[in-house]
Every structure is written in C-alpha cells, then in structure tokens.
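Colleague: There's a structure below that I have some questions on.
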Amino acid sequence: MLVLGIESSCDECSAAVVEDGKKILSNVIATQIEIHKKYDGVVPEIASRTHTEWVKGVVESAIKESGCTLDDIDGISVTNRPGLIGSLMVGLSYAKGLSASSGIPFVGIDHILAHLYASQLENDIEYPFLGLIVSGGHTVIGKVQDFDNVEVLGTTIDDACGEAYDKVAKHYGLGYPGGVLIDELAQKGDPAAFNFPDASLHKGAHRYDVSYSGLKTAVINQLNQFHNEGYEINNENIAASFQKAAIGMLAKRLFKAASDTGINKVVVGGGVAANSYLRSLLKDKNNLEVYFPSMLLCTDNAAMVAGLGYHYLNREEYSDLTLNAGSRVMQFKNKYP
C-alpha cells in the first residue's frame, strides 16, 4: 500500500510517500526556520500563511520524487492534532480536498503518535516499549502497547523540554532554534559551573511528571544563586549546566519508569531526540535497549505520518470530511485525567 503523508503542525511543511508503513519513497521537508529566526520563535500567523503558499508544491514534489503518480496512491494520511491550529488546518484542508477530488481515502493522525512511530520506519521494534516524546510543544513518557495504544505515565506540568530550551536561548540572545544552539554551546562548556535544581513534584500516580518552569526561572532570573565558585559565568557554561539539568530530570523519570514497569526497551521521538546529551545519556544506560530516529526523522516530517497512517488505512479506519483540527487534544486510548 502506498500512503501519501502530509504534515503541517508547526513550521515544517512536509509531504512523503511511504510503502507498507516502512519503505520511504520520498520525504520532502520545507522548513520555515529562516523566516522565523528574526522573531526568535515561530509566529503562528506567518507559519499558517507560509504553509498555504507551500503545501501544493511540497505535495507535488513528494509524489514526483517517489516515482509514483497520484493514481498510484492508495491512501492519504494527514496530521490533524496537536499543533498550531492555523497550520494544521492548511494541511488538513489540502488532504480533504485531495481525497474528495480523487476518491482516495484519508485518515487524520495524532502528531505525538507519529513521532513515536518514526523509529519504526528504520527498525523492527516489538511492543510493548516505553515511549519518550521530547519536543518544543510536548514532553511525554508513555507505555506503548501498540501503534495507537499509549498509556501516559508522565508529562510536563508546564513548559515542554524544547520550549524551555527556546526560552533560555531567547533570554541570552543565543538565537533560534534554541535547542540546537544550546546543544552546540554546551559541548564547549562545563556542566559543573551551575547546580540548577530539579523540580520536586508530587508522588503517587504522577511520579513520572516533569516541570521546567522552575529550572527556566533559575537559569534566567537566579543565575548567581546556583553558580559554583571558581567557574566562569559565560554562555557556554550556562548552556552546559542547563542542558545537564533539563535532560537529567527527564532521564531520571524515564529510568524510574523502566524500573517500575520492567520494560527495558525505549523509543525516543521528537525534535529534542536529536540532542547529543540525551542520546549519549540514554545509550550509556547498559540495561536499556534504546531506539532513536535518524536526525531527519527527529524533526516534524510526513514520512512518520504516512508510516503510521498505513496501519489505520490497512484496517480500513478512515476519516471523513467532518474531521477537524485540534490544537491540544491527544488521541491516546489510555491516559490519566
């Protein structure tokens, strides 16, 4: 089965053709990074207008690069949640129009589930496993029973991990995207320069939750309070110490979840999955079997959307033209309130 995927949840406009949920025939990604750089972050209105200008060309390029024609496509898979509502509407509307005019069935896809599927495009990973999603908008630890069955064990109660990176980078004038730039600076700094705090949260059912608001406040407003004498206060040391704390608190919860559930298989997805410290920290944990997507598949891309969509379409689970976009709702079968 050939599935055309369309992704427009934030600032990447992407289309891909994937065969049988595995073989990537094309994966075109048009990024808006240069457009949003001067604002130090994504401007939703600009993002949605740019998607409107780009989506037709991106989809046509993906079909052409796959060596197929629209007549060869068996199904269309499109991100419809969560994300920026205006951006989502562009991709979803295009998919609906294409489906209606061609008679090709389509299905709406949860962006978070798609990130969890990204590693499946390059590896054969048996369920169950622990899923870790880390991006600019989401931080989730979940027990993954199947491609559409996730029990959320923990999430952020405020800022997402990638969002904290971007806010710290913006405060210190490091540029955009903050996650990439802080990761690069951190490799030149000393993580011992500052002892930034980990959040102390409630226990019980929510013991795997994380919080980044306190860490962000410490790095931006209370820097001297956590400075260790003898270390220079510079951007490199701030970046290294912040990164150690930000990734460290996430890894701590993940390791706890692995120990409690007895599941030693971990699949990581999302933009922060490209982070060098996260990759080294998890892969150095000898008792864990860890899967990361390749760098291209860490970012928002349509290949993961098409790959996941195959499984819905294969069981004839289609969406209709009443499907709407959702900015926050996640389609997990199991999650705590």
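The values are calculated or read from the model by the stated rules, or taken from the named source; none is laboratory data. Every value quoted in this text rests on a predicted model; they were computed, and no experiment measured them. Heads up, the Cβs are rebuilt from the backbone with ideal geometry, glycines too, and the neighbour counts pull from every protein chain shown.
Colleague: When the residues of the stretch 226-262 are narrowed to those that are farther than 30 Å from LEU130 by Cβ and out of contact with any strand residue (DSSP E or B) (no Cβ under 9 Å at 6 or more places or on another chain), which ends up surrounded by the fewest Cβ atoms within 10 Å (Cβ to Cβ)?
Modeller: To start, the set of residues in the stretch 226-262 that are farther than 30 Å from LEU130 by Cβ comprises 226-238.
Cutting the leftovers down to out of contact with any strand residue (DSSP E or B) (no Cβ under 9 Å at 6 or more places or on another chain) gives us 229-230, 232, 234-236.
Details: GLU229: 4, GLY230: 7, GLU232: 10, ASN234: 14, ASN235: 17, GLU236: 16.
Top of the filtered list is GLU229.
Conditions tested, residue by residue: (1) in contact with an Asp or Glu (Cβ under 9 Å, 6 or more places away or on another chain); (2) more than 21 Å from GLY136 (Cβ to Cβ); (3) of a type in the set (A, V, I, L, M, F, W, C).
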site: ASN237; (1), (2), (3): yes, yes, no
site: GLN243; (1), (2), (3): yes, no, no
site: GLY248; (1), (2), (3): yes, no, no
site: ALA251; (1), (2), (3): no, no, yes
site: PHE255; (1), (2), (3): no, yes, yes
site: ASP260; (1), (2), (3): no, yes, no
site: ILE263; (1), (2), (3): no, yes, yes
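Colleague: Suppose we filter the stretch 121-161 for residues that are under 13 Å from the mean Cα position of the chain (by Cα), within 12 Å of ASP209 (Cα to Cα) and among the β-branched types (Val, Ile, Thr); how many remain?
Modeller: Of the residues in the stretch 121-161, 3 are under 13 Å from the mean Cα position of the chain (by Cα), within 12 Å of ASP209 (Cα to Cα) and among the β-branched types (Val, Ile, Thr).
Colleague: When only residues in the stretch 115-156 that are of a type in the set (A, V, I, L, M, F, W, C) and under 20 Å from ALA306 (Cβ atoms) count, which is surrounded by the fewest Cβ atoms within 10 Å (Cβ to Cβ)?
Modeller: Filtering the stretch 115-156 for residues of a type in the set (A, V, I, L, M, F, W, C) gives 116, 118, 121, 125, 129-130, 132-134, 140-141, 144, 147, 150, 152-153.
Then drop every residue that is not under 20 Å from ALA306 (Cβ atoms), which leaves 116, 118, 121, 125, 133, 144, 147, 150.
Working: LEU116: 27, ALA118: 28, LEU121: 22, ILE125: 14, ILE133: 27, VAL144: 24, PHE147: 18, VAL150: 25.
Going through the qualifying residues, I end up with ILE125.
Colleague: In this structure, is VAL168 in a helix (DSSP H, G or I), under 30 Å from ILE220 (Cα atoms), in the same structural domain as GLY270 (by TED's automatic domain parsing) and touching a residue at least 24 places away in the same chain (Cβ under 8 Å)? It would help to see each step written out before you state the result.
Modeller: Details: in a helix (DSSP H, G or I): yes; under 30 Å from ILE220 (Cα atoms): yes; in the same structural domain as GLY270 (by TED's automatic domain parsing): yes; touching a residue at least 24 places away in the same chain (Cβ under 8 Å): yes.
Against the criterion (in a helix (DSSP H, G or I), under 30 Å from ILE220 (Cα atoms), in the same structural domain as GLY270 (by TED's automatic domain parsing) and touching a residue at least 24 places away in the same chain (Cβ under 8 Å)), VAL168 qualifies.
Colleague: Scan the stretch 213-250 residue by residue and report those that are over 20 Å from GLU184 (Cβ atoms) and either without any contact (Cβ under 8 Å) to a residue 24 or more places away in the chain or under 21 Å from the mean Cα position of the chain (by Cα) (or both).
Modeller: SER213, GLY214, THR217, ALA218, ASN221, GLN222, ASN224, GLN225, GLU229, GLY230, MET249
Colleague: Something else about it: Would you tally the residues in the stretch 64-81 being farther than 17 Å from SER14 by Cα and within 27 Å of the chain's Cα centre (by Cα)?
Modeller: Here the count works out to 1.
Colleague: Given the criteria of a type in the set (Val, Ile, Thr) and under 30 Å from LYS96 (Cα atoms), does THR217 qualify? Can you show your working first?
Modeller: Details: of a type in the set (Val, Ile, Thr): yes; under 30 Å from LYS96 (Cα atoms): no.
No, not satisfied.
Colleague: For the stretch 67-84: of the residues being among the small types (Gly, Ala, Ser) and outside any loop (DSSP other than H, G, I, E, B), which is nearest to GLY5 (Cα to Cα)? Talk me through it step by step, then tell me what you get.
Modeller: Pass one, the stretch 67-84, residues among the small types (Gly, Ala, Ser): 67, 75, 77, 83.
Keeping just the survivors that are outside any loop (DSSP other than H, G, I, E, B) gives 75, 77.
Numbers: GLY75: 9, SER77: 5 Å.
By that ranking, first place goes to SER77.
Colleague: Can you pull out the helices (runs of 4 or more DSSP H) entirely within the stretch 218-337 that have at least 3 residues that are out of contact with any Pro (no Cβ under 8 Å at 6 or more places or on another chain) and under 30 Å from VAL107 (Cα atoms)? Before you say what the answer is, go through the steps one by one.
Modeller: Details: elements: 235-261, 276-283, 295-298, 302-314.
Ranges flagged: 295-298, 302-314.
Colleague: Mind checking which residues of the stretch 11-55 are assigned to a helix (DSSP H, G or I) and either within 18 Å of the chain's Cα centre (by Cα) or in the same structural domain as GLY136 (by TED's automatic domain parsing) (or both)? Give the derivation first.
Modeller: Restricting attention to the stretch 11-55, the residues satisfying the condition of being assigned to a helix (DSSP H, G or I) are 33-39, 44-55.
Selection gives ILE33, PRO44, ALA47.
Colleague: Next question. Has the stretch 93-110 got at least one residue that is buried (at least 24 other Cβ atoms within 10 Å of the Cβ), touching a Cys at 6+ places or on another chain (Cβ under 7 Å) and small (Gly, Ala, Ser)?
Modeller: No, the conditions are met nowhere in the stretch 93-110.
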